[in-house]
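Read the structure below first, then the notes.
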Amino acid sequence: MPPTKLGNLPVYEDKVCHFSHCATIEYAGERKIDIAPCVVNRQHEGQFEVCNRVTNQFEARRRWPTPSGSRTSSVQFADLPTTLKTLVGRLDDWLQAWPYVPTVPNPKLPREDQACGWTQPQYGNFRDKVNLYRGWIDDAFAEEDRDESIGKWQRVFGENFGSSEAKRAAEAVSESAGSGALVVGGHFPDLVEKVKALGASAVPAKLRKLPHVHRPVWRRAQEQFTVKVTAELRTGRYGQTIRSVRSAEPLMADYWLRFSATNNVGATFTDDYMVRWRVTNTDKMAAQADALRGDFYPSDDHFSRSESLSYRGVHFVEAFLIRKRDTKLVGQSDPFYVVIE
């Protein structure tokens, strides 16, 4: 994970500040958390110290019970991503051991309960979200593919994380004609021409792992349904239907596609579900227009969505089926590849 200052990320830029002994993160507009690295056993067994950044001196502190208050090792805090994984993992372990609002004494004033302002629903939501983010962090930390790793870290920190690398990877899918990374062989000038000549099998699987492609944020349900995507070519968003089209079929720009999500027998889903569409563009033209996208979008009408054909390249659209009552992911379609000449 490339080094990034938390305060430089837009989602945190107005919420982080430094003090003499700690960094403070404000969340939910009214809550704050102080983070102070504690050095253990530096001079004496059982000694706890915090560094004063103003005087650059260590100061003794009494140990207090916190989720991350256990003894540490250099392996667990070897670098920034390892430290994040360790701290969030410990916090999640502690929270999972307390299903109800716990008592959190103020280290400076033990009789004060710092959790007294939490309702059970607020605490339950916090506990659930920390558990969710822990899964995302562990997933990103363990990922060995660089592009996939950047995409998974973006799910944690937002799309500004590694954004320049993500853009370079997306716009270079056809520049690798001589390198063999995506477009193999110099006789294809770009990926569009390769797919036109060889069909859908020529679309590289790595295309779906580009870092700017947003990773799903919903918990996956145990029960999964088949989701299929079909498309119709139209003269405009609300224009006349021309014909149905196939995935990876070459198309001309300035038309529209209307995508529909159905089950395995072609029927629509009930109102107990909703569909979110991941719309992803690739290659130079979309990158130059700042239109790589890769985010999730709602349906226009029930389980359908319309998109214009604008930029030369091999793009793709996917349908994600979400159960409304618990917002769990219950189905995901294969990508429908949109090849624009």
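The values are calculated or read from the model by the stated rules, or taken from the named source; none is laboratory data. Predicted model only: the values in this text are computed from it and were never measured. Glycine gets a Cβ as well: all are built from the backbone with ideal geometry, and neighbour counts include every protein chain shown. For accessibility, only protein heavy atoms count, side chains too; no ligands or nucleic acids. Shrake-Rupley method; radii C 1.70, N 1.55, O 1.52, S 1.80 Å.
Calculated from the structure at hand, Cα Rg over 2.2 N^0.38 Å is found among (1) 1.05; (2) 1.23; (3) 0.98 as (2). Using C-alpha pairs below 8 Å separated by at least 6 residues, the relative contact order for the chain is 12 percent. Excluding ligands, DNA and RNA, the accessible surface per residue across the chain is 56 Å² with a 1.4 Å probe.
I want the antiparallel fraction of DSSP beta bridges within the chain, as a percent rounded to 5.
Numbers: 55 of 58 bridges.
The answer is about 95 percent antiparallel.
Measuring how big region 245-341 is from its alpha-carbon positions, Rg and Dmax come out at 14.0, 42 Å.
Using a Gaussian network for the chain with springs between C-alpha atoms less than 10 Å apart, which of these wobbles most: Lys167, Lys194, Lys206? It is Lys206. Counting only aspartates and glutamates at least 8 places from Lys328 when in the same chain, those with an alpha carbon closer than 15 Å to its own are Asp128, Glu223, Asp271, Asp272. For chymotrypsin sites (Phe, Trp or Tyr not before Pro), the sites in region 201-286 that DSSP calls loop and that have at most 15 other Cβ atoms within 10 Å are Phe225, Tyr238. Considering only Glu175, Glu318, Glu159, the mean-square fluctuation computed in a Gaussian network model of the chain, springs between alpha carbons under 10 angstrom, is largest for Glu175. How large a share of the accessible area of the chain, in percent, is made up of carbon and sulfur atoms when the probe is 1.4 Å and the other protein chains stay in place? The value for the chain is 50 percent carbon and sulfur by accessible area.
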